[in-house]
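Notes for the one structure printed next.
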Amino acid sequence: MGFLGGVIGAVGSIIGGRQERKAISRASDQQAAAYEAGIEEQRRQFDALQELLKPYITGGQTAFGAQQRLIGLGTQEEQAAAIAQLEQSPMMKALVQKGENALLQNASATGGIRGGNTAAALAQFRPQMLAQLIEGQFSKLGGLSSLGANSAAMQGNSGMGMASNIGNLLGQIGASRSGATLGRSASSRQGISDLLGLAGNMIGGLGGFGG
């Protein structure tokens, strides 16, 4: 019974070792799948954030370019075109018409409609209004360009955070894989030891029968 018991025990240990190695592999695969799902979710969220911020970043870039042209950081032709666009805009025309009408009405009420002061005021009004409109336009564009810059910074920070998280998850995948490899190796060494023990028991048993 001692010999048979030893053989049965060794065979059971070998079979158990095989099951253990399979379990280690399955557990490692499950862990890796979970980490990879985390990576994919990180990427999905970052892609969604990119789509969300894209209009603001694009608008900010456009506004910044318009600011540069307006103050002459581009070519002279570009600056002239930017100013002419404002000068011919419906807003400029409406403001000038309203302002000139107000000047004329005031001059009419005070009896100075034909005076030199009224003519001088009318001559100065349009350039002053254009200057104010240019300044206001630059300020509005500045708000858009700042919004775009902040959105780009947010996207960059999110990208760095995602890269860090993915790096951590990849490290955990590597640790899981290496742990599984070490576990299977240890189980294999135990299996070899059990095989050698089984062989020794069989040889010992056969020797006993021969005696």
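The values are calculated or read from the model by the stated rules, or taken from the named source; none is laboratory data. Not measured: the values here are computed from a predicted model. Note that we place each Cβ from the backbone using ideal geometry, even for glycine, and neighbour counts take in every protein chain shown. Please note that ligands, DNA and RNA were not included when accessible areas were found on the heavy atoms of the full protein model with its side chains. Shrake-Rupley method; radii C 1.70, N 1.55, O 1.52, S 1.80 Å.
Observations on the structure shown:
- Selection status of Gly142, closer than 26 Å to Thr62 by Cβ, open to solvent by less than 40 Å² (accessible area, probe 1.4 Å) and either assigned to a helix (DSSP H, G or I) or at pLDDT 90 or above (or both): yes
- Single unsatisfied condition, Arg21 versus (1) modelled with pLDDT of 80 or more; (2) touching a Lys or Arg at 6+ places or on another chain (Cβ under 6 Å): (1)
Residues checked against (1) polar (S, T, N, Q); (2) over 30 Å from Ala82 (Cα atoms); (3) modelled with pLDDT under 55:
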| position | (1), (2), (3) |
| --- | --- |
| Glu135 | no, no, no |
| Met154 | no, yes, no |
| Met160 | no, yes, no |
| Asn165 | yes, yes, no |
| Asn168 | yes, yes, no |
| Gly174 | no, yes, no |
| Arg177 | no, yes, no |
| Met202 | no, yes, yes |
| Phe209 | no, yes, yes |
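- Check on Ser13, under 25 Å from Ala163 (Cβ atoms) and modelled with pLDDT under 75: no
- Filtering the stretch 117-139 to residues that are more than 24 Å from Leu73 (Cα to Cα) and open to solvent by less than 30 Å² (accessible area, probe 1.4 Å) leaves only Thr118.
- In the stretch 124-142, the residues that are closer than 10 Å to Val96 by Cα reach residues that are open to solvent by 60 Å² or more (accessible area, probe 1.4 Å) with C-beta atoms within less than 7 angstrom, at least six apart or across chains, in these pairs: Met129/Leu95; Leu130/Glu87.
- Those residues of the stretch 27-77 which are surrounded by 13 or more Cβ atoms within 10 Å (Cβ to Cβ), free of Cβ contacts under 8 Å to residues at least 12 places away in the same chain and acidic (Asp, Glu), in sequence order: Asp29
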